[in-house]
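Here is the structure we will look at, set down as C-alpha cells.
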Amino acid sequence: MKHTAVAAANIALIKYWGTQDAERVLPANPSLSMTLRHCVSRCTVAPGANGKDEVSWLNEQGELETPPPAFLDGVLQHIERLRAYGGARMSLRVVTTNNFPTGAGIASSASGFAALTIAVCRALGYDADSEALSRLARLSGSGSAARSVLGGYVEWPGLADDPESGARQIAGERHWRLHDLIAVVNTEHKRVSSREGHRRASTSPYFATRLEHLPARHERVRSALLARDFRRLAQAVEEEAIDLHLIAMSATPPTFYWQPATLAVLEAVRRWRDDGLEVCATIDAGPNVHVLRTDAHVAQVRDALDAVTGVNHVIADEVGDGPRFVAEHLF
Ligand code: DP6
C-alpha cells in the first residue's frame, strides 16, 4: 500500500529568523507565510522490506539516488520521530522529489518535510489533524515546514505562552489571489544553512530591536492581508525582508545571502511600484527574490523581471490550497 503526499513551498511575509530553543525548534518570533501552488515536493511512502527504512530521491534526470548524508540522516531521524510519536513499528520505504531548485531560498525543506510528515503519518495509520501535523513537521528541524502543512495564508504563532503550538490558516487561498514570481539569480545550494543563520541571528546587535518592532509589523502584514490592501502589505513585507538580511549581515560571523542581481531586482521592483504597478519583493535565506503581485499586470511584470541583468529565470507561482494526496506514486 503506497501513499503519496504533495506539499508546496511557502514564502514567509514575516520571517522565522532566530530561535528561543534550537533543540525544540521553537522560533524567536511568530511568522506568517503564503503557501505556494506550483513549487512542490512529492513524497511516496510504503512499508519497507527487511525491517529497515530505505530513503531515496528522484534527481533532476528522474533517476533514483541515495541523497547526500546530511539530508538522508535528517529524513531517517524524522521517520524515527514519527514512529515514536504514535508507537508504530513498521519500517518504511520513502522516495521524495522536488520540482524546483533545492536549497536556494525557495524553502525546499519546508515542502519536503511537510510532504514527508503527511505521507509517513498516513502510512503509519495515524489520524493526525493539521495542528498535529504542523507540530510534527516542525520537529524535523525545518520550522517553516510547520506552515507548509496548510494552504492559503498561514500563521505560526510560536508564542511564549504556547511555544509548541502548530500553525493555523488565517485566510484561504481564495481570499486573495496573490502571485509570487520568483526571480532565480542562482540555483546553487546556499553556503550558510538556515539552521546556522538562526544560530547566528542573536549575535546581531540589532536582533533585540528587530524583536521589539516585529509585533507591530506582523499586525500590519496580517491586517493588510485580511483587508486585501496591497499598498500597505508591500511596505511591511519589504521592510521585513530587509530586516532579516540586516540581521544576517550584522551577525557574527556575517552572512551575505544577497548577490548583485538580488539588489538589481529589488531596485527594479521599487521603480515599477513608483510607476504604479502593484508589486513588492521579499527574500528568504538565499539570493533569489520573490516578487509578489496581484492579478493585475501579470505579463508586464514577468517580462520585465526576465529582462533584469543577472536573472537566470523566473518561476511563476501563486497562492495555493495546501497539501493533497495523489495516486501517481514515485515507485
Ligand atoms: C528565512 O529553519 O525553516 O526562510 O528549513 O531551510 O527552510 P529551512 O529553514 P527554516 O528557516 C526558515 C527561514 C526563512 C524564513 C521563513 O521561512 O520563515
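Nothing in this text is a laboratory measurement; each read-out follows from the coordinates by a stated rule. Just so it is clear, the model here is predicted, and its values are computed rather than measured. Note: ideal-geometry Cβ built from the backbone for every residue, glycine included; neighbour counts use all protein chains shown.
Projecting the Cα atoms of Trp176, Asn98, Phe325 onto the charge dipole of the chain (Cβ charges, centred on the Cα centre) puts Phe325 farthest toward the positive pole. Computed extension length for Phe256-Tyr206: 16.4 nm, one decimal, from 0.36 nm per residue of separation with the Cα-Cα distance subtracted.
Across segment 246-331, the mean sequence separation of Cα contacts (distance under 8 Å, 6 or more residues apart), normalised by length, yields a relative contact order of 22 percent. Ranking Leu233, Ala146, Asn288 by how far each Cα lies toward the positive end of the dipole of the chain (charges on Cβ) leaves Ala146 at the top. From the Cα gyration tensor of segment 3-174, with a ≥ b ≥ c the square roots of its eigenvalues, which class applies: rounded if a/c is under 1.5, or else prolate if a/b is larger than b/c, or else oblate? Prolate shape, in that a/c is at least 1.5 and a/b is the bigger ratio.
Can you pull a Stokes-Einstein diffusion coefficient for segment 258-298 at 25 °C (0.890 mPa s), Rh from Kirkwood over Cα pairs, as a whole number of µm²/s? The calculation lands on 233 µm²/s. Can you return the lysines within cross-link range of Lys190? Criterion is Cα-Cα under 25 Å, with same-chain partners fewer than 8 residues away left out. Straight-distance partners of Lys190: Lys15. The fewest-to-most ranking of Leu36, Leu133, Leu277, Leu266 by surrounding Cβ atoms within 10 Å reads Leu277, Leu266, Leu133, Leu36. Once you sort the root eigenvalues of the Cα gyration tensor of segment 91-188 as a ≥ b ≥ c, which label holds: rounded (a/c under 1.5), prolate (a/b larger than b/c) or oblate (the other case)? Oblate shape, in that a/c is at least 1.5 and b/c is the bigger or equal ratio.
When segment 47-97 is described by a simple charge dipole with +1 on each Lys and Arg Cβ and -1 on each Asp and Glu Cβ, the residue from Tyr85, Gly51, Ala70 located farthest towards its positive end is Tyr85. Fewest-first ordering of Thr117, Thr4, Thr282, Thr203 by other beta carbons within 10 Å of each residue's beta carbon gives Thr203, Thr4, Thr282, Thr117. Rounded, prolate or oblate, given the Cα gyration tensor of segment 179-318, with a/c below 1.5 counting as rounded? The shape class here is oblate. Note that the chain carries a Kirkwood radius of 19.9 Å, evaluated over its alpha carbons pair by pair. Ignoring lysines fewer than eight residues from Lys52 along the same chain, the ones with Cα atoms less than 27 angstrom from its Cα are Lys2. If R0 equals 41 Å, the separation of the Cβ atoms of His213 and Tyr126 corresponds to a calculated FRET efficiency of about 0.55. Look at the alpha carbon pairs under 8 Å that are at least 6 residues apart: their mean separation over the length of segment 179-318 gives a relative contact order of 43 percent.
The Kirkwood radius of segment 256-329, taken over pairs of alpha-carbon atoms, gives through the Stokes-Einstein law at 20 °C and 1.002 mPa s a diffusion coefficient of 157 µm² s⁻¹.
Shown is the FRET efficiency for Leu26 and Thr294, computed with R0 = 35 Å from the Cβ-Cβ distance and rounded to the nearest 0.05: 0.55.
With the simple spin-label model, which puts each label point 7 Å out from Cα in the Cβ direction, the Phe325 to Gln61 separation comes to 3.4 nm. Remark: spin-label model distance Glu54-Leu159 equals 4.7 nm, labels positioned 7 Å along the Cα→Cβ axis.
Normalising the average separation of contacting C-alpha pairs (under 8 angstrom, six or more residues apart) by the number of residues puts the relative contact order of the chain at 26 percent.
Taking the helices alone, the chain has a mean residue ellipticity at 222 nm of -11500 deg cm²/dmol, built from -39,500 (n - 2.57) per DSSP H run of at least 4 residues and averaged over all its residues. Taking a sphere under 15 Å around the Cβ of Ser91 and counting the other residues whose Cβ falls inside, with K and R at +1 and D and E at -1, yields a net charge of +3.
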